[in-house]
Amino acid sequence: GELLVRCTPPGLDRVFLADSGSVAVEVALKMAAQYWRGRGRPEKCRFVALRGGYHGDTLGAMSVSDPATGRHEAFATIPRHHFVARPPSRGADFTKAIESLAEVLARDDVAALILEPLVQGAGGMHFYDPGYLQQARQLCDD
């Protein structure tokens, strides 16, 4: 883990090793929910994800994958989360997408945002603007 931390930007000083992407997503979801529970805010238990996203085949990962193409609707027990339209392609104006994201992130039940940074691979190789990711991060930090 220490070698990985040396490669990361300042502020990213912890590593949790997982054996697959799906397990990494499960752990991230659990950590976010536990964070809010520990702060006395157990109602903050839902996640925000982009339409077109795919995060894996475990139950939690499916729950934050696109509800039409990646969630496997056959599993009725999957928790329901908030989904926003994926941002437009790289170079396009993403103002409306950020405004929509900000509106959903302001909900009282939101624990965290999960998204693929810059490209939705399983969602059709959709590349979006790095500026969207930076502004989404800022919204989460606020």
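Annotations for the structure displayed:
- Scan of the range 106-142 for residues that are within 30 Å of R37 (Cβ to Cβ), in contact with a strand residue (DSSP E or B) (Cβ under 6 Å, 6 or more places away or on another chain) and without any contact (Cβ under 8 Å) to a residue 60 or more places away in the chain, ordered by number: C140
- Checking S100, S22, S89 one by one, the residue that is of a type outside the set (D, E, K, R), free of Cβ contacts under 8 Å to residues at least 60 places away in the same chain and under 27 Å from E2 (Cα atoms) is S22 and no other.
- In the range 44-67, the residues that are assigned to a loop (DSSP other than H, G, I, E, B), out of contact with any helix residue (DSSP H, G or I) (no Cβ under 8 Å at 6 or more places or on another chain) and either open to solvent by 10 Å² or more (accessible area, probe 1.4 Å) or touching a residue at least 24 places away in the same chain (Cβ under 8 Å) (or both): R51, G52, G53, Y54, D66, P67
- Hits in the range 92-129 - residues which are open to solvent by 30 Å² or more (accessible area, probe 1.4 Å), modelled with pLDDT under 95 and either outside any loop (DSSP other than H, G, I, E, B) or among the basic types (K, R) (or both): V119, F127
The values are calculated or read from the model by the stated rules, or taken from the named source; none is laboratory data. All values derive from a computational prediction rather than experimental measurement. Positions of Cβ are generated from backbone atoms using ideal geometry, with glycine treated the same way; all protein chains shown enter the neighbour counts. Please note that ligands, DNA and RNA were not included when accessible areas were found on the heavy atoms of the full protein model with its side chains. Shrake-Rupley method; radii C 1.70, N 1.55, O 1.52, S 1.80 Å.
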